[in-house]
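Just so it is clear, none of the values below were taken in a lab; they were calculated from the coordinates. Remember, it's a predicted structure, so these values are computed and weren't measured experimentally. All Cβ positions, glycine included, derive from the backbone under ideal geometry; neighbour counts span all protein chains shown.
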Amino acid sequence: MNAHVTDPDRAHLRRAIDLAEQCPPSRTAFSVGAVIIGGDGILLVTGRSRETDPRDHAEEAALAKFPAGDARLRGATLYSSLEPCSTRASRPRPPSFAGVDDTPSVISVQMGRGAPDQAECDFLKIVV
């Protein structure tokens, strides 16, 4: 276990896992939960796979709840129950995090485990 993981990290990740358990079932997609915590430690939003559309990913469902350029994302941390996808099989559009790692918005992404079908995802930090 990572020695830098705090009790709040574990609690936020637990909430993401709980959200994943609430996802509508799918035979072809993972069930994932996402929690975005502001730099001040306050919960900003949550999201889960298939929340508003059968092809939505948890992190994009959460991020969609912010207007473009929302200052609350600066310094925020996204907790995901599973590694955010680097590729999309569900529809031809950029990966869920396209551009996020290149901007000063969500600066930290922490996840419960890597996706079994992803070879790598350079900008993520495993917390448990």
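About its Cα centre, the dipole of the range 7-95 is roughly 280 debye, where the only charges are +1 on Lys and Arg Cβ and -1 on Asp and Glu Cβ. Near the amide H of Ala76, within less than 5 Å, lie the amide hydrogens of Gly39, Ile107, all on another chain or at least 5 residues away, with H placed in the peptide plane. Model label sites at Ala11 and Arg72, defined 7 Å from Cα along the beta-carbon direction, differ in position by 1.9 nm. Please work out whether the range 7-95 counts as rounded, prolate or oblate from its C-alpha gyration tensor, where a ≥ b ≥ c are the square roots of the eigenvalues and a/c under 1.5 means rounded, while otherwise a/b larger than b/c means prolate and anything else oblate? Note, shape of the range 7-95 comes out oblate. Here is the list for the range 1-81: trypsin sites (Lys or Arg not before Pro) lying in DSSP coil, each with at most 12 other C-beta atoms within 10 angstrom of its C-beta, are Arg27. Near the amide H of Leu44, within less than 5 Å, lie the amide hydrogens of Ile36, Ile37, Gly38, all on another chain or at least 5 residues away, with H placed in the peptide plane.
For the range 6-20, 3J(HN,Hα) computed residue by residue from phi via the Karplus equation (6.51, -1.76, 1.60; θ = phi - 60°) reads 9, 4, x, 4, 4, 5, 5, 5, 4, 5, 4, 5, 4, 5, 4 Hz, glycine and proline entered as x. The phi torsions of the range 71-78, fed into the Karplus equation with coefficients 6.51, -1.76 and 1.60 and a -60° offset, translate into couplings of 5, 5, 6, 4, x, 7, 10, 9 Hz, rounded to whole numbers, with Gly and Pro shown as x.
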